[in-house]
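Each remark here refers to the structure printed beneath this line.
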Amino acid sequence: MKRPTTPAAVLSTPAAAVDLPADPSADPAESSAAAPTPVPRPRADAVRNRERILVAAREVLVEQGSGAPFDEIARRAGVGNATLYRHFPDRAALVHHVVLFVMDRVTVRAEDSLADEPDAFAALCRFTHAAADERIGALCPMLAGDFDGEHPELIAAREALAAAVETLVAAGQEAGLVRTDIGVGDLMVALSQLSRPLPGISCMAVDGFVHRHLQLFLDGLRAPARSELPGEAATLEDLRQKTM
């Protein structure tokens, strides 16, 4: 197919150099407003500091509760107090983002476990142990008090977590590997209770038993069921309504 010829003068003229007649009706203010304002990307060191603060805050809040001092969180994160306050200006903001941080990471653990493991029960075991390591059991105390449980970011994170864990449990039940008389709520309550430090007990002492007790619990989820459970299977929505 013959290509159309283009005058050499046009080819040699850069697009930016072509003079176009000005539109007399154009509003200069509208033209400047139409240009998008670039959003500055956070520096790599700022991103690293933020994650270090969230990880440290998660551990300190597990050990000392939601009233843990900011000084200790900053010390564990290896940053100054000014850096901590620059990222999280008050306690409510810090707790909010720690909860989102934990929920997002646990959601990824659920998705990765199902994608990577050879069968659905192995995926459920991997997820449960990983979620304990992410300190999901510490979320309940953080959600108490004046915590904004209906914040749009929290709702989105909660729905994503619920979908990921429901898919994981359903896969095990459909494969005949997980008993069918349990729900996601049962799994998450047990996970929270078995991985949360008891008041007045050193976290380091309890951590040595968490994964042993979780595995005992997981063995009880295997199909076929060897007992009849009292009550009904619980969903995450059941738990949310009962705690409101």
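What number of residues within the stretch 74-103 satisfy the criterion of being among the aliphatic types (A, V, I, L, M) and more than 18 Å from Asp45 (Cα to Cα)? Walk me through how you get there before you give the answer.
At the first step, the residues of the stretch 74-103 found to be among the aliphatic types (A, V, I, L, M) are 74, 77, 79, 82, 84, 92-95, 98-100, 102-103.
Within this subset, residues satisfying the condition of being more than 18 Å from Asp45 (Cα to Cα) are 92-95, 98-100, 102-103.
Qualifying residue count, the stretch 74-103: 9.
For Val98, the conditions (1) farther than 23 Å from Phe217 by Cα; (2) surrounded by fewer than 16 Cβ atoms within 10 Å (Cβ to Cβ) all hold with the exception of (2). Cβ separations smaller than 9 Å between residues 6+ apart or across chains give the following pairs from the stretch 148-163 residues that are open to solvent by less than 80 Å² (accessible area, probe 1.4 Å) to residues that are β-branched (Val, Ile, Thr) and assigned to a loop (DSSP other than H, G, I, E, B): Ala162/Thr235.
Can we say Asp104 is over 23 Å from Leu239 (Cα atoms) and surrounded by fewer than 21 Cβ atoms within 10 Å (Cβ to Cβ)?
Details: over 23 Å from Leu239 (Cα atoms): no; surrounded by fewer than 21 Cβ atoms within 10 Å (Cβ to Cβ): yes.
In short, no.
When Ala26 is tested against (1) modelled with pLDDT under 85; (2) of a type in the set (A, V, I, L, M, F, W, C); (3) in contact with a Ser or Thr (Cβ under 7 Å, 6 or more places away or on another chain), only condition (3) is not met. Restricting to the stretch 126-141, and then to whatever is open to solvent by less than 10 Å² (accessible area, probe 1.4 Å) and touching a Ser or Thr at 6+ places or on another chain (Cβ under 7 Å), can you tell me which residue is modelled with the highest pLDDT? Among those residues, the one meeting the criterion is Phe127. A residue that is closer than 30 Å to Ala223 by Cβ, in contact (Cβ under 8 Å) with a residue 40 or more places away in the chain and surrounded by fewer than 15 Cβ atoms within 10 Å (Cβ to Cβ) can be found somewhere in the stretch 114-123. Of these, Gly80, Gly65, which one is touching a helix residue (DSSP H, G or I) at 6+ places or on another chain (Cβ under 9 Å) and at positive phi? Answer to the check: Gly65. Within the stretch 164-200, if we keep just the residues that are of a type outside the set (D, E, K, R), at pLDDT below 90 and part of a loop (DSSP other than H, G, I, E, B), the residue that is least open to solvent (accessible area, probe 1.4 Å) turns out to be Pro197. Residues in the stretch 42-65: is at least one surrounded by fewer than 19 Cβ atoms within 10 Å (Cβ to Cβ), among the charged types (D, E, K, R) and assigned to a loop (DSSP other than H, G, I, E, B)? Yes, the stretch 42-65 has at least one match.
Of the conditions (1) open to solvent by 50 Å² or more (accessible area, probe 1.4 Å); (2) touching a residue at least 60 places away in the same chain (Cβ under 8 Å), Ala82 clears all except one; give me its number. Ala82 satisfies every listed condition except (2).
Would you check if Ala223 is surrounded by 10 or more Cβ atoms within 10 Å (Cβ to Cβ), at pLDDT 85 or above, of a type outside the set (S, T, N, Q) and over 21 Å from Arg109 (Cα atoms)?
Numbers: surrounded by 10 or more Cβ atoms within 10 Å (Cβ to Cβ): yes; at pLDDT 85 or above: yes; of a type outside the set (S, T, N, Q): yes; over 21 Å from Arg109 (Cα atoms): yes.
Judged against the criteria, Ala223 is a match.
The values are calculated or read from the model by the stated rules, or taken from the named source; none is laboratory data. Computed from a predicted structure; not experimentally measured. Positions of Cβ are backbone-derived with ideal geometry, glycine not excepted, and every protein chain shown enters the neighbour counts. Protein only, heavy atoms only, side chains kept; ligands, DNA and RNA dropped before computing areas. Shrake-Rupley method; radii C 1.70, N 1.55, O 1.52, S 1.80 Å.
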